[in-house]
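Notes follow the structure.
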Amino acid sequence: MSVWIRCRYELAFELPTATPFIFMLRPRSGANQWISQQKFEFKPEISADEFEDVFGNLCQRVSAPAGHFELHSETLAQTGEIDDELPSATFMPVSTLPPAVMSYLFPSRYCESDSLSQLAAEITAGYQPGYSQAAAIVNWLRANIDYRPGSSNTLVSALQVKDRGYGVCRDLAHLGIALCRALSIPSRMVAGYLHGLEPMDMHAWFEIYVGGRWYTFDPTQTDLLGARLSIAYGRDAADVATFTQFGDPVIPTREFVSVERFDNKPH
């Protein structure tokens, strides 16, 4: 069943000097989502240079002036009310994978899959290769890694998450991705919105490539109910940052996220 969602995201900064930013906040139409309307504004009004990164994400590069600076983003989209599940989706040998997914097989900065092969094998012992292995990994994450929203503002790696036993959404996604890659299952991080998320914030989950397509997994939720809107895809959180700032670090003075759901397209 398809539903409509309106997603809003606002950021505000007090900048001591002119500051370059790259934002990643404009979702594209694609699998399971259709972008109907989109607004994207800066205050004060400045021009942006938009480009596509190596993962196909739309990025907005700006030079923000010193002083008060705001960003307002609003998207109206049609998306699925629940993501597909297919336990029978089979593992694809590396020799049969499309070239576009090959980069999601390798270790990355925050997903040290080459150090997690033994744990991945233990978690998935007795499961059919493919979707069922990823489902076993997600169940293990829910049982062994405590999801604590707001517990960390610092990026940590999959191994660190495993050792400390808790994390925010991106941390659980990092560990899930690394464990799947350890089994030669292409896995990528997704950043976006989720209706009904508590507390409401930007969200992160992961997808795996089996049976010829991508499937969603979210270890922070008990099921895949809840309309999602994907904004960006990448190897780990370093590739899907909402904003990247260059120069002296600055922290947003305000951040606001909302997701409204509608059965029919709102006027």
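What follows draws every value from the coordinates through simple rules; no lab data is involved. The structure displayed is predicted, hence computed values, not measured ones. Note that each Cβ is placed from the backbone with ideal geometry, even for glycine, and that neighbours are counted across all protein chains shown.
Here are some notes:
- Gyration tensor (alpha-carbon) shape descriptor, region 161-208, a/c threshold 1.5: oblate
- Gyration tensor (alpha-carbon) shape descriptor, region 167-267, a/c threshold 1.5: oblate
- Theoretical ellipticity at 222 nm over the chain - DSSP helices of four or more residues, -39500 (n - 2.57) apiece, nearest 500: -4500 deg cm²/dmol
- Gyration tensor (alpha-carbon) shape descriptor, the chain, a/c threshold 1.5: prolate
- When peptides 38-51, 162-175, 97-110 are sorted by average Cβ neighbour count within 10 Å, with the highest value leading, the order is 162-175, 97-110, 38-51.
- Residues of region 61-81 with amide N under 14 Å of a point placed 7 Å along Cα→Cβ from Met1: 79-81
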